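The values are calculated or read from the model by the stated rules, or taken from the named source; none is laboratory data. Because the structure is a prediction, the values reported are computed rather than measured. We place every Cβ from the backbone using ideal geometry, glycine too, and count neighbours over all the protein chains shown.
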Amino acid sequence: MEEKIIEGYRLSLQQKNLWLLQGGCPVYRAQCAILIEGDLKPDPFGKALEEVVGRHEILRTTFKRLPGIDLPLQVIAERSGISYREINLEGWGPADQEVELEELYQEDGLLPFNFERGPLVRLSLLTLSESRRVLLVTLPSQCADGRTLENLMGEISRCYEARVEGTAPAGDPVQYVDFAEWQNQALQAEGAEEGRDYWTRQVSSVFPALKLPFEIKPSQSMEFHPASLRLSAVPIVVGKIEGVTRKHDATVAAFLLACWQTLLWRLASGPDVVVGCLFDGRKLGPLHQALGLFAQYLPIACHFEADYRFDEVLRKVGDALRAANEYQEYYQARESISAEDGAAAGVSLPIAFEFWECPPAVSAADVKCTLFRQYVCTDRFKLKLSAIRVGDSLILEVHFDPAFYPREVIERLSEQLETLLREAIREPGVLVSRVDILGKAEKHQLLVAWNETKAEYPYYLTLHELFEEQVEQAPDAIAAEFAGEQVSYGDLNRRANRLARFLMRFGVGCETRVGLLLHRSTEIVEAILATLKAGGVYVPLDPAQPRARLELMLEDARTTVVLTEQRLAGELSHRAARVVCLDSDREFIAQESEANLGEQLSPYNLAYIIYTSGSAGRPKGVMVEHRSVVNLYRALRRAIYSHHGSPLRVSLNAPVAFDGSVKQIIQLLGGHILCIVPEEVRYDGQEMISYLRSHSVDVLDCTPSQLKLMREANGNYTYEAAGLILVGGEALDGELWDELRAAEALNSYNVYGPTECTVDATVAEVRAAKGPPTIGRPIANTQLFLLDALLKPVPVGVTGELHIAGAGVARGYLNRADSTAEKFIPDPFSREPGRRLYRTGDAARYWPDGAIEYVGRLDHQVKVRGYRIELGEIESVLKEHTEVAEAVVVARDDEFGGKRLVAYLVLRQHSTLPVEELRRYLRDRFPDYMVPSAFAYLEHMPLTRNGKVDREALPEPGEVAPDSEQAQTAPRTLVEEILASIWAEVLKVEQVSVGDNFFNLGGHSLLAAQVISRVNEAFKVDLPLRSLFDNSTVAELAERVRESLGGAQQFQTPPIERVPRDEPLPLSFAQQRLWFSDQLEPGNPAYVSTRLIQMTGRLFEAGLEQALGEVWRRHEILRTSFPVVGSQPVQHLSPPQRLILPVVDLSGLSGPQRQSVGQRLFADAVNYPFDLARLPLMRVRLIHLGRQDRVLLVTMHHIIIDGWSISIISDEMNLLYEAFSIGKQSPLDDLPIQYADFACWQQGLQG
């Protein structure tokens, strides 16, 4: 074979990085246009170009690779002539010349380079007139950077002048290959240690991913086609910047970088911002005029805190730039950005900055050369700020990868940068958290345009007045129905009038508080209307609430009267209130007049007080006025109900003590029919569906959790049960959102609002929305503001606290002046006296179209091991797992005053998800302290009566995941073996490593007491409880046991001996636990181990079958079943028989068919249950995917196998297959001790 020999030079570090990145893409190029003015002489000019190419080897360099080698060598060609393309545009007009010049510039830049053959320098000379020409220069970035183009212009000028004058250019330039060799050697030199140490410290840990708003997650294989957006600042800006930098001993570049990093911090909210800053790599004097790729991006990190001043950040950035410049030649690009950010982009520093000063014109031999256009790309990026100083003016360009950012996002960011620049110049001492970044257009959009919701509504009327108007229009129309009873508008009005007069006899008048303690019926609607007609304020109470809590609310509300039923009256001991029983007092109520009362109330009077949970377990009452509810009615009619006809049959589904009932009851004001859903129906998904259908309900108003119950019972047919669905009360997840949007026969709306803002403040029409779930836009006469901690509006896409203003804002909290002042604050954006904002505590962000995305609770935080954690973040990631349908994470108190995270999950139908897999999934996304230590699988989430997830009702976790951060090391001594067995039994985990921490496995003081008791009994020692606190791993506790025994030699245990097989054999402790678990949940796939072993190449199937059969013969446990003898399970060992390996051939199927059938085979293997009383408890199957592509599918129940055993079997299989494939006998000796012997030994040891 002919040997290929290439003589060349090593690449520099910059060239290596670029070569691995570029893949021959012409995007990575250095290109410029040089304007040549004057009497240019063609012959000397051509000779000058040849001279320049001859003087600089990098312009004669090609890149050639040896076979099988990724990186090429630099190969320098001998001196040769240079050719350039000449194009005459003298007869063209100026506009046409400009267009042609642009087209030629772009065309030249897109042509690929032939790195092996060359030449890699492309030149074009365009003649515009006798005295004006343009030279286009294009090189690959392997040969040039920005400074190269500047130096090249100077070289051409000097060589041209020398040719014209008949002289030679002075001096020999530094050659790039010499620099590359020097660089490779310098990094290994002893004197480089200080520089290497500096960068080691700078990148000692992976920088956090910096994700800006609306960043797209592209595919791994995307191409790089950057775009740009130019901003031009007025010339005086540079002078003002220099005025700031002189006072703070900084440079213009440092100022701009400080602004750039401050903006990134404000948008991304991470405490650390790292930006790749371009350094030209020519710190050493001899390199100043050299050509080649010297420049590289160096990481400049800046830490931010809210109380930092901008001038402090400027100083930090200046110091970082000086230090980076000092050690720039020692930096080696590495994976310095976390995989989430950098891997997809294929770049180590995805956010970049560069500052370049345009060189002055160069004159030579009556010719002036000016570099007037330049493009340089030497590395990949997602986002880059390029600052170009041209004299006293400053040009800013934001370069971006459209695969990550839409252009409108960059346009908004550019405006924010301009605003920040002006503010930093005006006030350098401003806090970075306070510096304004919103431009006028964005600020107007946020504060005004998206809040233009003013609409007419009858603010001068009360609720009961509007109801009476509806009664006049259709007195005989059905108003409400329940349990077969139907009440017309006229009848309901008359009943309410009588009850109102009856209440007035007991002192009910303007804003008198009336408690309503009633079961669901038409009477509850009557009671609400009667209270309002009498001038009172209704205070709804839930009969299902604990008596003590009801008393607390009645006492707090100081109710004068409580409307109830005879059977509920006994629950009341509140002596200050008069109790009126609607059933037993009905004959007295019936004696009152049925005419309207005509009481004059103000719309600013209270309509109701609804209690919500409060701090320290004390509920707080939210006071809502008539005008707010009237606005809610009109706003919902305008946004939703007016589009769907009338009258509609509307479900009264929410508990009356829940504010969701208000928006349902007020549909009476529009002539609709209230269908009051019975209490026992609301919690049963199937019953709810049946009710909606049998009662022909048009409008279902429910929570997402209740809707999921219905969907689980009826699938997507749920969405045919009602034509209109309003979903609110809690966050709507992406899956449910997509289902609602896809339901063609359904009109669905996602509504949002706190009790303090009269039920609903926003509405989103799901079908019309695009993208992820949103809560939409504000309803009529409502304004929304997303503000930071300083009550300043946050930019579009940035998370802020949602504040609500407008007609729906409640009066405040009853008897809670402090809480009212804290949550209801003056509106800084309104000129209306007394106008207030409600601080919701909800985190949200604007989408570019003005829709609002709910992010989570700002105050839903916990601390675990000193780390602050947002539980909603963990829940969101859990819900992104393909097997998880619902997830809730709570922080439970442990016995030591701390917290531990517990995750509760509802899996999708027919799904399995082992805990260890789930832990790995989370560990890939979160630091260790954010991974729950315990997991519990539920059939469904418990719900409150209001239809939300009832976190208080979540059970103690039934399954605890081990702390797999520690290396999974099997017990190495008898003491460790016994301790691991005790831990596994007490903690109910499958296996325990010697490095596992007891408390990270879910242990607490009660379990610790059990462990110490068993340890003391097993080893006949007297260890205190504290010993487990101080020695919390198996290895540490084993050492403490040995110390207590006075040395390992004093611990005498009987040896493990082979026992007779003619009697029933007991189960080990671990097997007992798994057997009992199987009795409780027969066939639970969580206790099944499934392995897919991929095999490529030629396979000796008979040898594989023989190896499997030998493993089956060697290990009795694989031939063990667990029947019940008497009342106890025992191990039954079956004699060895020939194992036949089933084969499934899928090689003849198409790719999609093969994948589909393969997935079904895998699912069947996982979900097909094992019967522990019968063999087999191990199933194997060989699947042919192609001629040399196979998969061995092995499924075993955990009662016969654990993680370490799997690795033992794998090793044995390799040895046996290798032997059998070449006709040899088994190289393994028979086992003297089997698992059954260990189980008997363990039982005997434990007594």
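When every residue of region 370-381 is checked against the conditions, none turns out to be free of Cβ contacts under 8 Å to residues at least 40 places away in the same chain and buried (at least 16 other Cβ atoms within 10 Å of the Cβ). Of all the listed residues (Glu687, Glu720, Glu735, Glu744), the sole one being under 27 Å from Leu541 (Cβ atoms) and among the acidic types (Asp, Glu) is Glu687. Of the residues making up region 1106-1139, not one is buried (at least 20 other Cβ atoms within 10 Å of the Cβ) and modelled with pLDDT under 85. Within region 168-184, the only residue that satisfies the criterion of being part of a loop (DSSP other than H, G, I, E, B) and acidic (Asp, Glu) is Asp172.
Take the conditions (1) at pLDDT 95 or above; (2) under 23 Å from Ala500 (Cβ atoms); (3) not in a loop (DSSP other than H, G, I, E, B); Ala595 misses just one of them, which is (3). Is there a residue being of a type in the set (Val, Ile, Thr), assigned to a helix (DSSP H, G or I) and within 24 Å of Gln22 (Cα to Cα) anywhere in region 146-166? Scanning region 146-166, I find at least one residue that is of a type in the set (Val, Ile, Thr), assigned to a helix (DSSP H, G or I) and within 24 Å of Gln22 (Cα to Cα), so the answer is yes. With respect to Pro72, is the statement that it is crowded, with 17+ Cβ neighbours inside 10 Å and within 45 Å of the chain's Cα centre (by Cα) true? Taking the combined requirement at face value, the residue satisfies it.
Based on this model, can you work out whether Leu636 counts as assigned to a loop (DSSP other than H, G, I, E, B) and of a type outside the set (Lys, Arg)? No; evaluated as a whole, the condition is false for this residue.
For region 1130-1159, give me each residue that is touching a residue at least 12 places away in the same chain (Cβ under 8 Å), in a loop (DSSP other than H, G, I, E, B) and under 28 Å from Gly1103 (Cβ atoms). Scanning region 1130-1159 gives Ser1134, Pro1135, Pro1136, Arg1138, Leu1139, Ile1140, Leu1141, Pro1142, Leu1146, Ser1147.
For region 806-831, filtered to residues that are outside any loop (DSSP other than H, G, I, E, B) and among the acidic types (Asp, Glu), the residue that is surrounded by the most Cβ atoms within 10 Å (Cβ to Cβ) is Glu822. Restricting to region 1140-1155, and then to whatever is surrounded by 13 or more Cβ atoms within 10 Å (Cβ to Cβ) and under 36 Å from the mean Cα position of the chain (by Cα), can you tell me which residue is modelled with the lowest pLDDT? By that ranking, first place goes to Gln1155.
Flag not set for Glu1036, criterion: closer than 24 Å to Gly995 by Cβ, modelled with pLDDT of 80 or more and exposed (fewer than 15 other Cβ atoms within 10 Å of the Cβ). A single entry from Ala544, Ala548 fulfils the requirement of being in a loop (DSSP other than H, G, I, E, B), under 50 Å from the mean Cα position of the chain (by Cα) and either over 17 Å from Ala500 (Cβ atoms) or of a type in the set (Gly, Ala, Ser) (or both): Ala544. Within region 530-547, if we keep just the residues that are buried (at least 24 other Cβ atoms within 10 Å of the Cβ) and hydrophobic (A, V, I, L, M, F, W, C), the residue that is modelled with the lowest pLDDT turns out to be Leu541. When you check Tyr105 against the structure, is it aromatic (Phe, Trp, Tyr), more than 30 Å from Leu187 (Cβ to Cβ) and surrounded by 13 or more Cβ atoms within 10 Å (Cβ to Cβ), yes or no? Judged against the criteria, Tyr105 is a match.
Only one of the listed residues (Ile1208, Ile1201) is closer than 20 Å to Val992 by Cα, assigned by TED's automatic domain parsing to the domain that holds Leu1141 and surrounded by 18 or more Cβ atoms within 10 Å (Cβ to Cβ). That residue is Ile1201.
Counting the residues of region 468-490 that are under 21 Å from Ser651 (Cβ atoms), free of Cβ contacts under 8 Å to residues at least 12 places away in the same chain and not polar (S, T, N, Q) gives 1. Annotation note: Cβ proximity below 8 Å between a residue of region 835-853 that is within 13 Å of Thr799 (Cα to Cα) and a residue that is polar (S, T, N, Q) and surrounded by fewer than 21 Cβ atoms within 10 Å (Cβ to Cβ) (sequence gap 6+ or interchain) occurs for Ala843/Thr799; Ala844/Thr799; Arg845/Thr799. Being without any contact (Cβ under 8 Å) to a residue 60 or more places away in the chain and under 30 Å from Tyr608 (Cβ atoms) narrows it down to one of Val759, Val697, so name that one. After ruling out the rest, the residue left standing is Val697. Only one residue in Glu354, Glu335, Glu326, Glu305 is over 25 Å from Gly54 (Cα atoms), out of contact with any helix residue (DSSP H, G or I) (no Cβ under 9 Å at 6 or more places or on another chain) and either at pLDDT 90 or above or not hydrophobic (A, V, I, L, M, F, W, C) (or both). Which one? Exactly one of Glu354, Glu335, Glu326, Glu305 is over 25 Å from Gly54 (Cα atoms), out of contact with any helix residue (DSSP H, G or I) (no Cβ under 9 Å at 6 or more places or on another chain) and either at pLDDT 90 or above or not hydrophobic (A, V, I, L, M, F, W, C) (or both), namely Glu305. Taking Ile725, is it assigned to a helix (DSSP H, G or I) and in contact (Cβ under 8 Å) with a residue 24 or more places away in the chain? The answer is no for Ile725.
For first residues located in region 576-592 and without any contact (Cβ under 8 Å) to a residue 24 or more places away in the chain, partners that are assigned to a strand (DSSP E or B) and lie 6+ apart or on another chain with Cβ distances below 7 Å form the pairs Val579/Val562; Val579/Thr564; Cys581/Thr564.
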